[in-house]
Amino acid sequence: MAPPLLECRDLSFSYAPKSQAAPLLANFNWRVEAGQFWLLQGYSGSGKTTLLNLVGGLLRPQGGEILFEGRPLPASEGQLARWRQEKVGFIFQDPQLDHQRSVLQNVLLPLYFGAKPLAQGQARALELLEFLGLTPWKQTLAGHLSGGQKQRVAAARALLNNPVLLLADEPLAHLDPPQAQKMIQLLERLQSYSQAAIVMTAHYLPPKLEHPDWQILEVGS
């Protein structure tokens, strides 16, 4: 049997010394299979974003281990950065676009940190912009886009290197219910298109926004 895509074993993490506060995560165990859609929900400060940063290699656990496709995450920072570049895509609450660059240039930004040839990456970027309905704006400066368009550009950038794991941190924050529904539909379309596993964090969602096929984890409960 193939190992899970992602596995946390007895994971522990704290931002404060052990003598000052209880750990944010303690002896935490979790598995994500390829192609699953996970919703991590809980109150502010429950550890949702911290967990996302741990499994995405942006933080190191203080106890336990994280396995990806059956192997521990790379030990060196250089190898870990290459692993993130090749395997993981990130969508943040703030799209984090360069407003002085065009839509296409923003999508291509990961190429400056990776090894994929520019021509190959540009073909992929144009394909993603077409899929997301952004082709007419490919030469538009990102600062001139609407909020929803910026989110779609960030999604295209996250998928540029064909990640097998897409991490979306609070993508519904500050969105009204109709816009939140559109964002959820976008993530589901991205999963159908890319076949990546998706892990999304959010505060508690109204049941009408949840999908019956999602896996839901209450963080901090």
> What do you reckon, is G47 touching a Pro at 6+ places or on another chain (Cβ under 6 Å) and closer than 19 Å to L165 by Cβ?
Replying inline: no
> Just to be sure, is R101 surrounded by fewer than 18 Cβ atoms within 10 Å (Cβ to Cβ), of a type in the set (K, R) and over 30 Å from L145 (Cβ atoms)?
Replying inline: no
> Counting only residues that are in a loop (DSSP other than H, G, I, E, B) and over 24 Å from Q93 (Cα atoms), which one in the range 15-30 is modelled with the lowest pLDDT?
Replying inline: S19
> Quick one: what pairs do we get from the range 3-14, first residue in a strand (DSSP E or B), second among the polar types (S, T, N, Q), C-beta under 7 Å, 6+ apart or different chains?
Replying inline: C8/N29; R9/N29; D10/N27; D10/N29; S12/N27; S12/Q62; F13/T50; F13/Q62
> Quick one: is V88 touching a Ser or Thr at 6+ places or on another chain (Cβ under 8 Å) and β-branched (V, I, T)?
Replying inline: no
> Which of the residues belonging to the range 182-221 are of a type in the set (A, V, I, L, M) and outside any helix (DSSP H, G or I)?
Replying inline: A196, A197, I198, V199, M200, A202, L205, I216, L217, V219
> For V32, all conditions in the list (1) under 30 Å from S12 (Cβ atoms); (2) aliphatic (A, V, I, L, M); (3) touching a Ser or Thr at 6+ places or on another chain (Cβ under 6 Å) hold save one; what is the number of the exception?
Replying inline: (3)
> Residues in the range 142-169 that are surrounded by 18 or more Cβ atoms within 10 Å (Cβ to Cβ) and part of a loop (DSSP other than H, G, I, E, B): how many?
Replying inline: 6
> So D94 fits all but one of (1) without any contact (Cβ under 8 Å) to a residue 60 or more places away in the chain; (2) in contact with an Asp or Glu (Cβ under 7 Å, 6 or more places away or on another chain); what number is the exception?
Replying inline: (2)
> Which one of D10, D94 is modelled with pLDDT under 95, surrounded by fewer than 15 Cβ atoms within 10 Å (Cβ to Cβ) and among the charged types (D, E, K, R)?
Replying inline: D94
>> Which numbered condition in (1) buried (at least 18 other Cβ atoms within 10 Å of the Cβ); (2) in contact with a strand residue (DSSP E or B) (Cβ under 7 Å, 6 or more places away or on another chain) is the only one that R84 fails?
In response: (2)
> Do you know which of the residues in the range 190-220 that are farther than 14 Å from L39 by Cα and touching a residue at least 24 places away in the same chain (Cβ under 8 Å) is surrounded by the fewest Cβ atoms within 10 Å (Cβ to Cβ)?
Replying inline: Q195
>> Being more than 20 Å from L6 (Cβ to Cβ) and either of a type in the set (D, E) or assigned to a loop (DSSP other than H, G, I, E, B) (or both) is the filter here; which residues of the range 170-181 pass it?
In response: L172, A173, H174, L175, D176
> Does at least one position in the range 26-42 carry a residue that is within 30 Å of Q185 (Cβ to Cβ) and more than 20 Å from the chain's Cα centre (by Cα)?
Replying inline: no
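The values are calculated or read from the model by the stated rules, or taken from the named source; none is laboratory data. Source: prediction; values computed, not measured. Neighbour counts run over all protein chains shown; Cβ positions are idealised from the backbone, glycine included.
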